[in-house]
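Trainee: I am attaching a structure below and will ask some questions about it afterwards.
Please treat every number below as a calculation from the coordinates, not as lab data. Bear in mind that the values here come from a model prediction, so they are computed numbers and not experimental data. Counting neighbours? That spans all protein chains shown, and the Cβs are built from the backbone with ideal geometry, glycine included.
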Amino acid sequence: MNKQKLKQSKNNSIKSFINSFTIIFAIEFIVEHLNISIMKKLNYTFAFIFLISNMIFGQDNEKSKEFNSLSEALKNPEKVFRLNLSNQEINVTDEQWLQFINLEYLTLKNDRLKQIPLAITKIKSLKVLDLSGNDFIKLPEEISNLSNLEEIYLNDEKNMNLPKTLSTLAKLPNLKTLHLENDNLSKLPSEILEFKSLENLYLNQNKFKKIPEIQSLDHLKYLDLKGNDIKPELQDMKNLNFGFKINF
């Protein structure tokens, strides 16, 4: 299980825990005010709890299920929250993409895409998008329509026009995590400073020789530079007040 799955599972567990207690207290309040015997109150309480718990945990199981087959996902597209079509030769029509009205996580990793399907930019529910290991040069401008997107993976992209890509991504209002790992980078273009809400930046396995000058990214909390060519004496600078945590 990768970090994203662990994070999603943890968040779902916390939400379920809070929801369960909220509902139990509500049920107890309702049952307490019913004019029935104690035994009947207990029976009603347990019945309500059993019913609501099944509803909550059933929904959580649906959200955590990951589909790896397009044909399977299209059987009930409105129930698909996670879709993994990585390492495949995909052939999806615009009409099919738009059936995934609740899709939150999509990976098209290593699919040799020269262009990103425009229909994806209309899936407003998307929160995580992995486009790593493809052959496109830039992202479509329309990707800025993904107003709920929080995390994007653009690893192993050797052909990507990074300045144009960053300018497009900077328009995403809720993007908090950006992955640019193993992209053969030795520096960052100035367009990185256009981001207004970025909190986590992953630059692992690149060719940086010094820490990028990105202190003006006010919301940045974490910078990952593991696997770069930064000298040990420069790594000591991580103890200085950059305003965010740095991992070497």
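Trainee: Which whole-Hz couplings ³J(HN,Hα) result when phi for each residue of segment 220-232 is put into the Karplus expression 6.51 cos²θ - 1.76 cosθ + 1.60, θ = phi - 60°, listed in order with x for Gly and Pro?
Mentor: Coupling constants for segment 220-232: 5, 10, 8, 10, 10, 10, 4, x, 9, 9, 7, 5, x Hz.
Trainee: Tell me, how many Å apart are the Cα centres for segment 131-154 and for segment 166-208?
Mentor: Spelled out, the Cα-based centre of one part sits 12 Å from the other.
Trainee: Apply the Karplus curve 6.51 cos²θ - 1.76 cosθ + 1.60, θ = phi - 60°, to the phi angles in segment 112-125 and return the couplings in whole Hz, x for Gly and Pro.
Mentor: Per residue, the Karplus-derived 3J(HN,Hα) values read 6, 6, 8, 9, 7, x, 5, 4, 4, 6, 9, 8, 5, 7 Hz.
Trainee: May I ask you to derive the FRET efficiency for GLU141 and PHE248 from their Cβ-Cβ distance with R0 = 45 Å, giving the value to the nearest 0.05?
Mentor: The formula returns an efficiency of 0.80 here.
Trainee: Mind giving me the nanometre distance, one decimal, between the label points for ARG112 and ASN184, set 7 Å out from Cα along Cα→Cβ?
Mentor: Reported label-point gap for ARG112 and ASN184 is 1.9 nm.
Trainee: Tell me, what is the FRET efficiency for ASN161 and LYS221 to the nearest 0.05, using R0 = 25 angstrom and their Cβ-Cβ distance as r?
Mentor: E between ASN161 and LYS221, to the nearest 0.05, is 0.35.
Trainee: For ILE246, list long-range residues whose amide hydrogen, built 1.01 Å from N in the peptide plane, is under 5 Å from its own amide hydrogen.
Mentor: For ILE246, the qualifying residues are LEU223.
Trainee: Still on this structure: Calculate the spin-label point distance for ILE90 paired with GLU194, positioning each point 7 Å from the Cα along the beta-carbon direction, and give it in nanometres.
Mentor: Between GLU194 and ILE90, the simple spin-label model gives 2.4 nm.
Trainee: List, in order, the whole-Hz ³J(HN,Hα) value for each residue of segment 84-92 obtained from phi through the Karplus relation with A = 6.51, B = -1.76, C = 1.60 and θ = phi - 60°; use x for Gly and Pro.
Mentor: So the Karplus estimates, Gly and Pro as x, are 10, 10, 6, 6, 9, 9, 7, 9, 10 Hz.
Trainee: Per 0.36 nm of contour for each residue apart, how much would the distance between LYS122 and LYS75 grow if the chain were fully extended, relative to their Cα-Cα spacing?
Mentor: 14.9 nm
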